[in-house]
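No value in this document is a laboratory result; all are computed from the given coordinates. Source: prediction; values computed, not measured. Every residue, glycine among them, receives a Cβ derived from its backbone with ideal geometry; neighbour counts consider all protein chains shown.
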């Protein structure tokens, strides 16, 4: 069962959220009425999702978010902010970009939309954790003809000559070489390499990185084939 921690100092809101989440049988709900209790419960149960109010009586939601992002368990926990204070685009940017919240809803909110966003965040987290498991089982050495990667050293060579790649180009090449001869869509690359979901406007990022990666691979660039309307395939 997915563990969800709800931190809110308003009893009515806390009960409303808890009751709504309890209708979903696959959720195990934990609640806290202040920041100190919320942090203690977070460290104890390591939840799969935190629903967080920003205006708490003792510790601000921003400070709690900082603690969550410094989680010593080193496991990314999505945070859904529910607040009456974020009312402008600047507030949204502040919450999502600067403090790395995953989503936010302004009070009062629609219950169905709230539950849908909870499901989306949990689904995304499960995807990320599955990808982490795949990365842990990734071989340390990937080879395709004269192209070679030593993952632990972040070393790429072609015909024994080193190729300098950026971090994202390296991750992209590793993903291609661990999925040889298989069609890989842009959506899959966004999720697996960039950890971006439902962001059509960022597809140009994938195209741009593949372009620069090909340029650096020299004659090996032909291994990354473009399949129009389908995606890409690493030819081995």
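Mind telling me which of 125, 226, 77 comes out most flexible in a GNM of the chain, alpha-carbon contacts under 10 Å?
Largest GNM mean-square fluctuation: 226.
Once both axes come from the Cα atoms, what is the angle between helix 111-136 and the longest principal axis of the chain, in degrees from 0 to 90, rounded to 10?
With both axes taken from Cα atoms, the answer is about 40 degrees.
Which order do 111, 68, 59, 163 fall in if you start with the one that has the fewest other Cβ atoms within 10 Å?
111, 59, 163, 68
Using only Cα atoms and rounding to the nearest 10 degrees, what angle (0 to 90) does helix 11-22 make with the longest principal axis of the chain?
50
Looking at the chain as a GNM with Cα springs under 10 Å, which of 222, 171, 100 has the largest mean-square fluctuation?
Greatest mean-square fluctuation among the candidates belongs to 222.
Could you give the nm distance between label points at residue 43 and residue 10, where each point is 7 Å from its Cα heading toward the beta carbon?
Going by the 7 Å Cα→Cβ label model, 2.9 nm.
Out of the DSSP beta bridges found with both residues in the chain, what percent are antiparallel (nearest 5)?
Just about 50 percent of them are antiparallel.
Under a 10 Å cutoff between Cα atoms, tell me which one of 109, 170, 42 has the largest fluctuation in the Gaussian network model of the chain.
Among 109, 170, 42, the largest mean-square fluctuation in the Gaussian network model of the chain belongs to 109.
Given a cut-off of under 8 Å on Cα pairs at least six residues apart, what relative contact order in percent is computed for the chain?
Result for the chain is 12 percent.
Which value, in Å³ per residue, describes the convex hull spanned by the Cα atoms of the range 139-234? It would help to have the intermediate numbers written out before the result.
Numbers: hull volume 8.9 nm³, N = 96.
In the range 139-234, the Cα hull volume divided by residue count equals 93 Å³.
In degrees, nearest 10, range 0 to 90: what is the angle between the Cα axis of helix 203-217 and the longest Cα principal axis of the chain?
That works out to roughly 30 degrees.
Fully extended, how many nm does the chain gain between residue 3 and residue 120 (0.36 nm per residue separation, minus their Cα-Cα distance)?
40.7 nm
So, R0 is 22 Å and r is the distance between the beta-carbons of residue 143 and residue 203; what FRET efficiency does that work out to, to 0.05?
The calculated FRET efficiency here is 0.15.
Convert 10 °C to kelvin, take the viscosity as 1.306 mPa s, use the Kirkwood radius over C-alpha pairs of the chain as Rh, and evaluate the Stokes-Einstein diffusion coefficient in µm²/s, rounded to a whole number.
Values: Rh = 20.1 Å.
The calculation lands on 79 µm²/s.
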